[in-house]
C-alpha cells in the first residue's frame, strides 16, 4: 500500500499544480476538489458571483484527461437537452439515440439552480447509478463520471432550490470565499495579458484517475475510527436543531472522503482528524435545520462543528493501526 500512497501523492500533486495555475490562494478548495475526484464523487461549488466557481470546475476538467461537457442551466432547459433523445432517422428507418452532454466523464452543470425541478431531476439517476435511461433503454455512463455543479446562493430570483434528494447525491459542497489582498494582486498579474485557463492541458489520463480511485478504497480505516464517524452521522439525526439528519449515503460519503484525505496527505490509514476535517463539507448541505434554528440565525455548518466537538474521539491506544 505504501507504493500506492506514493503514486496517489505524485499524480494528485501534478493535478494540484495544474489547477493552481488558474486558481490563486484557494489551496483548501483545491484539496477538497481532489478528494471528490479520488472518490468519484460529485461537487457542488456554491458562492457569490465572480469568485471563480466556474473557473475552478473548468480547471479540474482540463487538468484530467477526461471527456468534458458544460451545460448552462436556464429555466427553458429540458431534460432531453441533458440526457439526449431518440429521433427517427429516415435514412435507416429506425430510431437513433442522439446523446446529450451527460454522456461524458466530467459534466459542468453551470448555475444548476436556474433550471426547473423537472430538468434538475434528469441528473438524479446519472449521479447515483452512473447510467441514463432513455425511453426504457438504459445506457451506462463513461467512467470516471463526475458532476461539477455551481450555484449562487445570494441571487434567488428566477432560481429553483435543489431538492434534498439531489443535494444528498453531492459528495461535498465547496465554498471559495473572497481572496486575500496579496492573492488579488497575484490574480491581476496572472490574468493581465491572457487567461491561463486557455493554456491548461491534461496532466493525467482517465485511466490514471480510475487507478487512483481504486487505490483510495484500500486506505485502512480502524474499527474505532469507523465507529467515530458513524456516531457523528447518527448525532445529526438526534440533534434538536436539525429537522432532517444525514442519510446512510452520507455515512458512506464521509467514510470515502476521509480515506481520500488520508491518501492526499500521504497516509495509508485514516485518523480522527481526517474525519473532523471533511465532516462539515460532506454533511452540512444534506441537513435541514429546524424552523427554531433558522429563526435564531444558526447555520447547519455550525451545528455540524458542534456535533464533531461533542462526539468522543477515539484515543490513540484504542487504534489498532493498519495491518502489516
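Rounded to the nearest 5, what is the percent of antiparallel bridges among the DSSP beta bridges in the chain? Don't skip to the end; give the middle numbers.
Details: 12 of 32 bridges.
Beta bridges within the chain, antiparallel portion: roughly 40 percent.
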Between region 1-41 and region 230-249, how many Å separate their Cα centres? 29 Å
Between the helical axis of 181-191 and the dominant principal axis of the chain, each derived from Cα atoms, what acute angle in degrees is found, rounded to the nearest 10? 30 degrees
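Do you know the relative contact order of the chain, to the nearest whole percent, from alpha carbon pairs under 8 angstrom that are 6+ apart?
Across the chain, relative contact order equals 22 percent.
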Tilt of helix 2-19 relative to the longest C-alpha principal axis of the chain, in degrees (0 to 90, nearest 10)? 50 degrees
Pulled fully out, how much extra length does the chain show between residue 197 and residue 227, if you take 0.36 nm times their separation in residues and subtract their Cα-Cα distance? 6.5 nm
So the label point goes 7 Å from the Cα of residue 291 along Cα→C-beta, right? Which residues of region 227-254 then have their backbone N under 17 Å from it? 240-244
Taking the Cα atoms only, what angle lies between the long axis of helix 27-39 and the longest principal axis of the chain, rounded to 10 degrees? 70 degrees
Between 96, 243, 125, find the one with the highest GNM mean-square fluctuation for the chain; connect C-alpha pairs within less than 10 Å. 96
Mind ordering 64-76, 263-275 by average Cβ neighbours within 10 Å, highest first? 263-275, 64-76
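Report the FRET efficiency, 1/(1 + (r/R0)^6), for residue 96 and residue 1, where r is their Cβ-Cβ distance and R0 is 45 Å, rounded to 0.05. Present the calculation step by step, with values, prior to reporting the outcome.
Details: r = 47 Å, r/R0 = 1.04.
For residue 96 and residue 1, the calculated efficiency is 0.45.
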Cut-off 20 Å, label 7 Å out along Cα→Cβ of residue 315, residues of region 208-229 by amide N: 222-229
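Using the Cα gyration tensor of region 18-172, with a ≥ b ≥ c the square roots of its eigenvalues, what is the shape: rounded (a/c below 1.5), prolate (a/b larger than b/c) or oblate (neither)? Please report the intermediate quantities before stating the final value.
On the way: a/c = 2.04, a/b = 1.52, b/c = 1.34.
Cα axes put region 18-172 in the prolate bin.
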Be a star and scan region 186-210 for residues whose amide nitrogen sits under 12 Å from the point 7 Å along the Cα-to-Cβ vector of residue 72. none
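Rounded, prolate or oblate: which fits region 102-244 when a ≥ b ≥ c are the square roots of the eigenvalues of the alpha-carbon gyration tensor, with rounded for a/c under 1.5 and prolate only if a/b beats b/c? Write out the running numbers ahead of the final one.
Working: a/c = 1.24, a/b = 1.20, b/c = 1.04.
It comes out rounded by the Cα gyration axes.
How would you order 252-262, 78-88, 278-288 from highest to lowest mean count of nearby Cβ atoms within 10 Å?
Numbers: 252-262: 24.7, 78-88: 16.0, 278-288: 23.1.
Ranked by mean Cβ neighbours within 10 Å, highest first: 252-262, 278-288, 78-88.
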Residue 249 to residue 21: extension gain in nm, 0.36 nm per residue of separation minus the Cα-Cα distance? 78.7 nm
Once you order the gyration tensor axes a ≥ b ≥ c over the Cα atoms, which shape class does the chain get: rounded for a/c under 1.5, otherwise prolate or oblate by comparing a/b with b/c? rounded
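Since every read-out is calculated from the coordinates, none of them should be taken as a lab result. All figures in this text were calculated on a predicted structure; none of them were measured in a lab. All Cβ positions, even for glycine, are placed from backbone atoms using ideal geometry, and neighbour counts span all protein chains on display.
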